[in-house]
Amino acid sequence: MENSRAIVRGFLIAWAPMLVVAIAAMLLNEKLALHARINCCHASWLDHFFAAFTHVADGWVPSALALFILLVLDIRSFLMMGLSCSLSAIIAQTLKRGFFAEHGRPSMHRDSLGAMDWVDGIDLHAMLSFPSGHSTAAFSMCLALAVIVDRRTWAVPLALFAALLAFSRVYLSQHFLVDITAGSAIGTLTAVGVAYWLYQSPFASRPWLIRRLLRRS
């Protein structure tokens, strides 16, 4: 369990520079202008890649992962994935639908975005832009997976994988940079809190946490 602290630290160290760059870009650029700059030059192969890749952060993926983990690993691992993703999703959806329901997505500003590239064949959503649910799921899922795998060498690659998933939402013009940045923070910080509770706090010593649903003979 001590290794979980180093894994979380490694994930945060990888995420922090990306967060700083994103915040700096948002401070130095107007939101629509920044989105247009990011999407000024697309490649056909990237269009196809991101259109498929973005679905890795769909809500059913962490749900399926949590169920798989419940069947093959212990209860602690199941709770790490399940609670990280479900709690962060609740936070993101509460903000999205309760406080920022009027925030429009890039498709609502198509005329103002000028001659930027749009990916063909994408069903573009219009409202509920902030924060990004996909980005929230990507970061909570990837940090949870890093802790569950229990290998420090996985922390940085999984953080980069989560960032690429989040970026797919901007590339596809489903979200602005501010949306995915907020989602990354919600997902990461929620998973950090769950990791502390399950691996470092007094609660972590509960013996039933190491039980397996399917015991091997």
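Considering each of Phe49, Phe99 in turn, give the residue that is aromatic (Phe, Trp, Tyr), farther than 22 Å from Ala36 by Cα and more than 14 Å from the chain's Cα centre (by Cα). Write out each step before concluding.
Details: Phe49 fails: farther than 22 Å from Ala36 by Cα.
On inspection, the qualifying residue turns out to be Phe99.
Is it true that some residue in the range 16-38 is at pLDDT below 95 and farther than 19 Å from Arg105 by Cα?
no
Filter the range 55-82 for residues that are more than 18 Å from Leu143 (Cβ to Cβ) and within 18 Å of the chain's Cα centre (by Cα); which is modelled with the highest pLDDT?
Among those that are more than 18 Å from Leu143 (Cβ to Cβ) and within 18 Å of the chain's Cα centre (by Cα), it is His55.
Identify all residues within the range 167-195 that are over 18 Å from Leu95 (Cα atoms), surrounded by 21 or more Cβ atoms within 10 Å (Cβ to Cβ) and among the small types (Gly, Ala, Ser); write none if there are none.
Ser168, Ser173, Ala195 - these are the residues of the range 167-195 that are over 18 Å from Leu95 (Cα atoms), surrounded by 21 or more Cβ atoms within 10 Å (Cβ to Cβ) and among the small types (Gly, Ala, Ser).
Can you pull out every residue in the range 1-44 that is hydroxyl-bearing (Ser, Thr, Tyr) and either exposed (fewer than 14 other Cβ atoms within 10 Å of the Cβ) or farther than 30 Å from Met81 by Cβ (or both)? Can you show your working first?
Going residue by residue through the range 1-44, those that are hydroxyl-bearing (Ser, Thr, Tyr) are 4, 44.
Result: Ser44, single match.
For every residue, the table says whether it meets (1) in contact with a Pro (Cβ under 6 Å, 6 or more places away or on another chain); (2) within 22 Å of Ala51 (Cβ to Cβ); (3) among the β-branched types (Val, Ile, Thr); (4) without any contact (Cβ under 8 Å) to a residue 12 or more places away in the chain.
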{"site": "Ala162", "(1), (2), (3), (4)": "no, yes, no, no"}
{"site": "Arg169", "(1), (2), (3), (4)": "no, yes, no, no"}
{"site": "Leu172", "(1), (2), (3), (4)": "no, yes, no, no"}
{"site": "His175", "(1), (2), (3), (4)": "no, yes, no, no"}
{"site": "Ala182", "(1), (2), (3), (4)": "yes, no, no, no"}
{"site": "Thr190", "(1), (2), (3), (4)": "no, no, yes, no"}
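Which of the residues spanning the range 120-174 are of a type outside the set (A, V, I, L, M) and outside any helix (DSSP H, G or I)?
So in the range 120-174, the residues of a type outside the set (A, V, I, L, M) come out as 120-121, 123, 125, 129-136, 139-140, 142, 150-154, 157, 161, 167-169, 171, 173-174.
Matches in the range 120-174: Asp120, Gly121, Asp123, His125, Ser129, Phe130, Pro131, Ser132, Asp150, Arg151, Ser173, Gln174.
Please go through the range 45-60 and give me each residue that is surrounded by fewer than 16 Cβ atoms within 10 Å (Cβ to Cβ) and of a type in the set (A, V, I, L, M, F, W, C), ordered by number.
Trp45, Leu46, Phe49, Ala52, Trp60
The values are calculated or read from the model by the stated rules, or taken from the named source; none is laboratory data. This structure is a prediction, so every number in the text was calculated from the model and none was measured. Ideal geometry is used to build each Cβ from the backbone, glycine not excepted, and the neighbour counts take in all protein chains shown.
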